[in-house]
1. Evaluate the distance, in nm, between pseudo-label points positioned 7 Å from the Cα of residue 475 and of residue 283 along their respective Cα→Cβ axes.
2. If you take the charge dipole of segment 226-393 about its Cα centre, with +1 on Lys and Arg Cβ and -1 on Asp and Glu Cβ, which of 242, 264, 366 is farthest toward its positive end?
3. What ranking do 436, 534 get, fewest neighbouring Cβ atoms within 10 angstrom at the top?
4. Tally Lys/Arg at +1 and Asp/Glu at -1 over every other residue whose Cβ is under 13 Å from the Cβ of residue 278; what's the total?
5. Excluding residue 547 itself, calculate the net charge of residues whose Cβ lies under 13 Å from the Cβ of residue 547, where each Lys or Arg counts +1 and each Asp or Glu counts -1.
6. Around residue 324, under 14 Å between beta carbons, what's the net of Lys plus Arg minus Asp minus Glu among the other residues?
7. Starting from the Cα of residue 443, draw a straight line to each of the lysines and keep only those under 17 Å, dropping any in the same chain fewer than 8 residues away.
8. Taking the beta-carbon count within 10 Å as an exposure proxy, list 561, 585, 263 from fewest neighbours to most.
Amino acid sequence: MRRPGCLQCQERHVKCDREKPRCSSCRNAKYPTICEYGSKRLRFRQSRYSTTVAVARTTAPIVNESQEQPMPSAEFQDAIEPSVRDDDDAPPRGPDGEAGIQILRNTSPRGLLADNNPIAWQPLADCHHPHSSPHSSSHGSEYPLSPTSSFSSRFDNTTARSGQNGTVLRGPLLESRVTALSSGCELEGEEAGFWAESNTNMRWKSLPNAGTLQTSQGPARILSEDLECKVFGFYITNAGSWLDIGSPDRYFHSHIPQLALTEPLVLSACLACASHIMFLLGEVEKSVDEYYNSRMLELLIPLLSSEEQATSSNQALLATTVILRMSEQFLEVGSDAQRHLNGAASLFMDGITDWSPIESNLATACFWTHLRETIRICFLREQPCQFEMSYLSLADDDLNVPVSSDEAWTNRMTYLLLRVCSVCWGTSTSVIREDSAATMDLKRLRCLIDCWKEHLPLSFRPWGVHKDGNGPFPVIRYFASWHVVAWQFYYTARVMLAVYCAEDEERTNLHCASTYIEAAVISPTRWLCGLCMSSTDNIGINLNGSHLMAWCGQFFSGRDERKFLLDFLSEFGHRTKWPNQTSCERLMELWDASNRSWTEC
């Protein structure tokens, strides 16, 4: 029987000669690596007596050292529950309908696996390690997991009921130490003592959407290399937060790092993205950037070639493409090949998932983040959205119905701006005729955008507005980043509608209608610039707004406004290495009375 190689070789999918203390692959690696081998596991063959033994164990009296009172059933059900349960009062169920949880209580850290300490049920399935994954939506629905996909976080009822996906932990674990170790797992010596001591002080932090913790097929990895920890820490403290500007659940900042420790693909994406940005900032060498990028490609390319795994149901793959697109965006538009943007679009448009602005889960957060990344290219190149809007389960009539989630309101405005881009830049000519279908679509979109503003919840109101601090632009403060994102898209859509579809049909020449331009174009642009410049502490907001300010700012005529906007874009690009140089050059050329268009500059 073939023996598995070290953990590093398994992750890199290379052959391992299992030499001790370090295999040849780890010795010859470009960067120092730690050669570790997985602990041995015991395997049990199922027999016709398994169910009988399980029933006997579940009905056996509780035995422990001190003969304390057993844990109350209500407390047990609050701490642990299976992946799928028929009702809230039902006891946990595992394989064959029996319990699949083992609770260990012991005051001695090194006695965690003592034979006389198990309180309740021992599982008969293979060992499953804990893996957190928020999968519940705002409707409480559950999504299917493809059993063939080792990266997908969604699960279906069939595999969950059979116990193949382990257990689900819900709520904080306080006094009792709860593990999902099966009888097929073995911890020895210091390793057992370490995890026992960790369980003593561990408190589970609630995940996004008051979620559940689903166990994973693989063990969670602990990073030990200094360079790897530094790069991964940069993603957690910086890049992850930059992506989490549209959702209060903050999946990229809180859940993705936890997922990365169990999914090598997600970890490689985080390291590749962070190392590239760190290289641009001068914090690591280019060789580090190239190393993590090549390691990511080794894992990503085989998955993209698999029809079973390259689908919209693979949440880890969706998150990977969105994260990689973040680092790809740090190229000027002329050098941006948009490989990850197009790759993500093919995954999201595979026809399996009907995306909704109301649901809240990791896959949906990835989808709307991808659309915000798409909007940037739309404005830099004045091109329509490449995403087919029919994949969105959002009818125009639904916009009149208030929803409870602020995230849903932001997603709705994202959807409306994309539709405006597709109508304005999807025509074959640069001028939209008054009697054309595009004009009718834009007029309808104007009504929908006005309706969106009228029905906004009170949380979208600014808590502070004043005029000192941003030069000619107002200082506007909102409670959350997703509020700012929604208003960024709103003011941008207003400017586009005023430029391409004037409300007063008699004013076809906007260059001569100075009054109309001031009210319908310049004023919304000032508010847009004020929004972005008031949020200098949130880099993600300005990553999302730089291209919007640049495109709308081309209509400024005041010298102070032009100078202040140009200085802000230049300073922000210099500080973060965000590619604003092309936008600044276009603005300067347009302001110099050039007859060329935005994309021709």
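A short reminder: the numbers here are calculations on the coordinates, not readings from a lab. Everything quoted here is computed from the prediction, not taken from an experiment. With ideal geometry, Cβ positions are generated from the backbone for all residues, glycine too; neighbour counts draw on all protein chains shown.
1. That separation, rounded to one decimal, is 2.8 nm.
2. Going by the charge dipole, the pick is 242.
3. 436, 534
4. In short, -2.
5. The answer is 0.
6. -2
7. Hits, sequence-local ones excluded: 453.
8. So the ranking, lowest neighbour count to highest, is 585, 561, 263.
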